[in-house]
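A.B. asks: Here it is: the structure, laid out below.
Throughout, read-outs are computed from the coordinates displayed, never taken from laboratory work. All values derive from a computational prediction rather than experimental measurement. Glycine gets a Cβ as well: all are built from the backbone with ideal geometry, and neighbour counts include every protein chain shown.
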Amino acid sequence: MKSRTLQVAAVLGVFAVLYCFTPPDVPVCGFRWLTGRPCPLCGLTRAMFALAKGHWREAIAFHALSPVLAVMVAGSLRGGARWARLWVPCAGVFGLYGVWRMFA
């Protein structure tokens, strides 16, 4: 019971921080800096900030798979074998999407 309460508090704390702040406009992706192309994870930070504020369209514009990441994070905090199995296919989807973004 105590660990479940801590998990819920951690998720609420993360969303509170994401809701209260905005990310800086400084590009920090080394891959994008070197190549000019977005990496598979480019835009996820801004997308998570937008999701926390309830701006779904903006989040999807930053990164189309940001709702998937939110489910993955929530599932990892919940624990269990079923949620752990979710990571491998989701990571594959992120990889395919990233390759598509780099060459599209």
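A.B. asks: Over the chain, what is the relative contact order in percent, taking alpha-carbon pairs closer than 8 angstrom and at least six residues apart?
C.D. replies: After rounding, I find 28 percent.
A.B. asks: Now for a separate question. Put +1 on the Cβ of each Lys and Arg and -1 on the Cβ of each Asp and Glu in region 2-103; which of 100, 86, 73 then has its Cα farthest toward the positive end of the dipole?
C.D. replies: It is 86, whose Cα lies furthest towards the positive end.
A.B. asks: Quick one: Debye curve from the alpha-carbon atoms of region 2-103 only, equal weights, vacuum; give me log10 I(q)/I(0) at q = 0.13, 0.21, 0.23 Å⁻¹ to two decimals.
C.D. replies: Those come out to -0.53, -1.18, -1.27, one per q.
A.B. asks: Follow-up. Within 10 Å, count the other beta carbons around each residue, average over each peptide in 59-70, 41-52, 89-100, and list them highest first.
C.D. replies: With the highest mean Cβ count within 10 Å placed first, the list reads 41-52, 59-70, 89-100.
A.B. asks: With contacts defined as alpha carbon pairs under 8 Å and 6 or more residues apart, what's the relative contact order of region 47-97 in percent?
C.D. replies: After rounding, I find 25 percent.
A.B. asks: Could you work out how much longer the chain between residue 56 and residue 96 gets when fully extended? Use 0.36 nm per residue separation minus the Cα distance between them, nm to one decimal.
C.D. replies: So the extension gain works out to 12.2 nm.
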